[in-house]
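Encoded as structure tokens, the structure appears first; notes follow it.
The values are calculated or read from the model by the stated rules, or taken from the named source; none is laboratory data. Note that the structure is a prediction, hence the values are computed from the model and not measured. Cβ sites come from the backbone with ideal geometry, for glycine too, and all protein chains shown count toward neighbours. Remember, those area values only see protein heavy atoms, side chains included, never the ligands or the DNA or RNA. Shrake-Rupley method; radii C 1.70, N 1.55, O 1.52, S 1.80 Å.
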Amino acid sequence: QLQLVESGGGLVQPGGSLRLSCAASGSIFKITAMGWYRQAPGKQRELVAGITIGGITNYADSVKGRFTISRDNAKNTVYLQMNSLKPEDTAIYYCNADIISAAALSRKDYWGQGTQVTVSS
């Protein structure tokens, strides 16, 4: 069974930093891409940052220069380093991965359960 497990969320003051982690486990043949999305109350879920298994990255304009996405392919893990956090960054952050399962050799989109990030004084 494939699953994504997130960690690293919490409460932080404006200007502070957090590091999110997301590890994929199960019968994995290949992970095409991994990324982070977030959803604030009353707003649509949006892409924050994404990275391909080859290392190509993309970021939302609102987080460029502050957030950095990285991955460890050997551990099937993606990270999101968040610096200079703002109250506007408050949201539930979800890990996403496009995974080709070893059992079916079919591509499927997987989501983590989400981790709360709150930026407040």
### Message
Suppose we filter the stretch 66-97 for residues that are open to solvent by 30 Å² or more (accessible area, probe 1.4 Å) and of a type in the set (D, E); how many remain?
### Response
2
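Hey, which of the strands (runs of 3 or more DSSP E) in the stretch 1-65, taking only ones fully inside, have at least 2 residues that are open to solvent by less than 30 Å² (accessible area, probe 1.4 Å) and closer than 21 Å to N83 by Cα?
Answer list for the stretch 1-65: 10-12, 18-25, 28-39, 46-52.
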### Query
Which numbered condition trips up C95, out of (1) in contact (Cβ under 8 Å) with a residue 60 or more places away in the chain; (2) out of contact with any Gly (no Cβ under 6 Å at 6 or more places or on another chain); (3) among the hydrophobic types (A, V, I, L, M, F, W, C)?
(2)
